[in-house]
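Comments concern the structure below.
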């Protein structure tokens, strides 16, 4: 059945032109025909994966019984997709078509050969074979397709000198012969210039072209209909008519045109040319997806994944992505990675993510980030040390593809630092990190450079270099705003708008700690939208809020935040939560069970904090812990775990390996450096211990506790007079800044006769200590004073109101101070110092767990001092005092029993 409209000069209104030029495309009504045809009338263009599978192994053999028109379409699509890759296949197939006959002749071969050579960029072959000349010689008497191809070469100057006049003449001849493409080309040219001997009006020429293009009901009909729809949609030859284009796509889709269904779905999705019809869009999209068009599968999968236009169905979306990925679609592989990453912390989630990344890596054109993420996952799955070699190769591969991928560069540098031996190795690593800084200006590589020069290189500390990168980080303005609770309390939008603005900027840029601080100082400004944006990256916000709560002493709130962070899969939240539980002096049964379960779970992965908790809480002794977790530590041990392991290692090679691992990953803080120094001293590595003592002092920020900790270590591990002198200097510096522990250290050293200090200075230091000490320490300091020189006690007692200090500490709930105040009240004749007040203070101290107070209160009940006499109550308090450690009470209890 022919769909070509019967065209005649009369019916079409053939109009002789006078050479006028039309300024813009004309409107041409050309509706789809009303025909009865099945949904399988067309043979749509095959998807790329089908085309590849069909032709990948073709070697010039028989082409089967497929329609020659479909074979030639395949070859044309291969040529358009990648002429260089498919050159030999197309060439062999063309030769086979010529041998098989079926209407394929030498002219067809000539035209296809020219198209192939031009598409492949093989212009020298085109010239050597003389194909263009042959074609041009044939053109005057040749078919319309010969004329059209020759015109295109002449117009563009492809393989021949440009001759547009001759090209137009050939197009004109082909157009008068009814060639659709030539008719449309002549119409397009007529809009721009006067063309001699061209006497068909644009609307008539377009109608003729479209009628001829429509043709018969054959397998290629939908391809031609798609072209008609595109003509109305593009608006280059006719005035744009999106509604008519949509009608033609509908027509092709009804005939089985999956490609038309895709275009129809896209027009309705974009809804810029036609009114959106969601039902039509979904129906068309499913038709295209059912034809295995990967881009349609992706579009449908995205809609199902989000649930925006239909009921959400993530499983069907995943299945569509899986199928499209199986056809080699790179975007589908990326989406599968994103889905797997979002569910990484679910059971089996890491294995699914590894599989998704491996599928990307195994395919051509893998992006660099896939290698980098696979490297990260290797370290998570296999362990920091067991997976190091493979991860390093993956990071290196990522950098080959994209040298600007700073995350991979940083990870690789972190791995290389462990084996850096000598100045050149260090320079290479520093160069890598410098490049990362220059690429994106982020603070992370700057922080790594600081750490290298502070403690992680063999020659550290090199403070000049470390300070340089610290200043660079400050200059970059990207460092996270760090504020203590007191500083946070002082910040408000009115008085410190710059700090608030920096916090807000960093919060908007997904920095969880800044968002937690911003919400703290400006709760009205950090709305739900900003919180949700930061939470989208995981549970980092909850961890940040937990740390802020801990800094403020709100332990319960911190635990709640950490529980939410753990549920969100936040790395590190479990360790912090365990630290909070492990530091509690009292745990109920549920809390203890949770702590033990969490500790065992983390210890299996080489977590040193968890191993320490199990040992400190008596779950297992050190030797059992080593036997249980030695393999986990070897595979993935963190610094604390490796410090625990070092004394157990017997082989020198193992010790060297662990020391290199510790050095390359340790935090460059005073406390960590001192911990390492103590372990090295324990294994008799004195030089190493001294080196880390030096680092501990170098990285100290001058806080009182750091000065005292370093000084204590110098006195314990130092071997020279210079070490002792440095320790004294640190004690005095911390004491001058008012750090109580430093004052106590100096007083103890003077008491033990290890340093000289005048009576007046000793007394002044004691007075100062009493004024700044925490309430819980007041009683201990006065007790210490009792053993000092009488002259020191005399001066201190004259300058300090002992009773007032005890009273203030007692008011704040210190049991020792309450006991001492009770003793003062007992000896006082003041009217308010009654026996009842004495007994009340003893009761408060006893409630606070003070054994001596329990014993004295038992005596008070025995004799009725300030309380009603009660031998039963006295006996219970006596036994409680004995259990709490009061020796007098214990001896009395034994006599009673």
Scan of segment 177-203 for residues that are part of a helix (DSSP H, G or I) and over 18 Å from residue 144 (Cβ atoms), ordered by number: 190, 202, 203
Within 22 Å of residue 868 (Cβ to Cβ), assigned by TED's automatic domain parsing to the domain that holds residue 861 and buried (at least 17 other Cβ atoms within 10 Å of the Cβ): does that describe residue 817? no
Which of (1) over 30 Å from residue 164 (Cβ atoms); (2) surrounded by 19 or more Cβ atoms within 10 Å (Cβ to Cβ) is the odd one out, the single condition residue 184 does not satisfy? (1)
Name the residue that is nearest to residue 134 (Cα to Cα), counting only residues in segment 99-120 that are touching a residue at least 12 places away in the same chain (Cβ under 8 Å) and not in a helix (DSSP H, G or I). 104
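So is residue 132 part of a helix (DSSP H, G or I), touching a residue at least 40 places away in the same chain (Cβ under 8 Å), buried (at least 20 other Cβ atoms within 10 Å of the Cβ) and out of contact with any strand residue (DSSP E or B) (no Cβ under 8 Å at 6 or more places or on another chain) or not? Before the answer, list the steps.
On the way: part of a helix (DSSP H, G or I): yes; touching a residue at least 40 places away in the same chain (Cβ under 8 Å): no; buried (at least 20 other Cβ atoms within 10 Å of the Cβ): yes; out of contact with any strand residue (DSSP E or B) (no Cβ under 8 Å at 6 or more places or on another chain): yes.
No: the conditions fail for residue 132.
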Take the residues of segment 848-883 that are in contact (Cβ under 8 Å) with a residue 24 or more places away in the chain and either surrounded by fewer than 18 Cβ atoms within 10 Å (Cβ to Cβ) or not assigned by TED's automatic domain parsing to the domain that holds residue 834 (or both): which is farthest from residue 834 (Cα to Cα)? 849
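Considering every residue within segment 90-98, establish whether at least one is touching a residue at least 24 places away in the same chain (Cβ under 8 Å), over 52 Å from the mean Cα position of the chain (by Cα) and either buried (at least 20 other Cβ atoms within 10 Å of the Cβ) or not in a helix (DSSP H, G or I) (or both).
To start, the set of residues in segment 90-98 that are touching a residue at least 24 places away in the same chain (Cβ under 8 Å) comprises 90-93, 95-97.
Remaining after also requiring over 52 Å from the mean Cα position of the chain (by Cα): 95-97.
Checking which are either buried (at least 20 other Cβ atoms within 10 Å of the Cβ) or not in a helix (DSSP H, G or I) (or both) leaves us with 97.
Checked segment 90-98: at least one residue is touching a residue at least 24 places away in the same chain (Cβ under 8 Å), over 52 Å from the mean Cα position of the chain (by Cα) and either buried (at least 20 other Cβ atoms within 10 Å of the Cβ) or not in a helix (DSSP H, G or I) (or both).
Matching residues to (1) farther than 25 Å from residue 771 by Cα; (2) part of a helix (DSSP H, G or I); (3) within 54 Å of the chain's Cα centre (by Cα):
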| site | (1), (2), (3) |
| --- | --- |
| 808 | no, yes, yes |
| 813 | no, no, yes |
| 819 | no, yes, no |
| 825 | no, yes, no |
| 831 | yes, no, no |
| 839 | yes, yes, no |
Note on residue 394: of the conditions (1) in a helix (DSSP H, G or I); (2) modelled with pLDDT under 90, unmet is (2)
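When you scan segment 11-30, do you find a residue that is at pLDDT below 50 and at positive phi, even just one? Please lay out each step first, then the result.
First, pick out the residues of segment 11-30 that are at pLDDT below 50: 11-20.
Now drop any that are not at positive phi, which leaves 13, 19.
Scanning segment 11-30, I find at least one residue that is at pLDDT below 50 and at positive phi, so the answer is yes.
Of the residues 69, 54, which is at pLDDT 90 or above and over 28 Å from residue 364 (Cβ atoms)? Don't jump to the end; show me each part of the working.
Numbers: 54 fails: over 28 Å from residue 364 (Cβ atoms).
The conditions single out 69.
Looking at 433, 412, 426, which is the one that is more than 20 Å from the chain's Cα centre (by Cα), over 30 Å from residue 327 (Cβ atoms) and crowded, with 21+ Cβ neighbours inside 10 Å?
After ruling out the rest, the residue left standing is 426.
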Let me confirm something: among 335, 299, 276, which residue is in contact with a helix residue (DSSP H, G or I) (Cβ under 9 Å, 6 or more places away or on another chain) and surrounded by fewer than 16 Cβ atoms within 10 Å (Cβ to Cβ)? 276
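Residues checked against (1) in contact with a helix residue (DSSP H, G or I) (Cβ under 6 Å, 6 or more places away or on another chain); (2) not in a helix (DSSP H, G or I):
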residue: 708; (1), (2): yes, no
residue: 715; (1), (2): yes, no
residue: 723; (1), (2): yes, no
residue: 744; (1), (2): no, no
residue: 749; (1), (2): no, no
residue: 754; (1), (2): no, yes
Would you say residue 680 is in contact with a helix residue (DSSP H, G or I) (Cβ under 9 Å, 6 or more places away or on another chain), in the same structural domain as residue 626 (by TED's automatic domain parsing) and either assigned to a loop (DSSP other than H, G, I, E, B) or more than 20 Å from residue 466 (Cα to Cα) (or both)? yes
Mind checking whether some residue in segment 193-213 is out of contact with any helix residue (DSSP H, G or I) (no Cβ under 9 Å at 6 or more places or on another chain), modelled with pLDDT under 95 and within 27 Å of residue 46 (Cα to Cα)? no
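Might you let me know whether segment 196-215 holds any residue that is closer than 27 Å to residue 95 by Cβ and surrounded by 17 or more Cβ atoms within 10 Å (Cβ to Cβ)?
To start, the set of residues in segment 196-215 that are closer than 27 Å to residue 95 by Cβ comprises none.
No, segment 196-215 has no match at all.
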Matching residues in segment 868-888 - criterion: being under 19 Å from residue 851 (Cβ atoms) and not in a helix (DSSP H, G or I): 885, 886
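So which of 697, 671 ends up being outside the structural domain of residue 421 (by TED's automatic domain parsing), in contact (Cβ under 8 Å) with a residue 12 or more places away in the chain and within 30 Å of the chain's Cα centre (by Cα)? Working first, answer last.
Details: 697 fails: within 30 Å of the chain's Cα centre (by Cα).
One residue alone meets the criteria, 671.
The values are calculated or read from the model by the stated rules, or taken from the named source; none is laboratory data. What you are looking at is a predicted structure, and each value in this text was computed from that prediction instead of being measured. Virtual Cβ from ideal backbone geometry, glycine too; neighbours counted across all protein chains shown.
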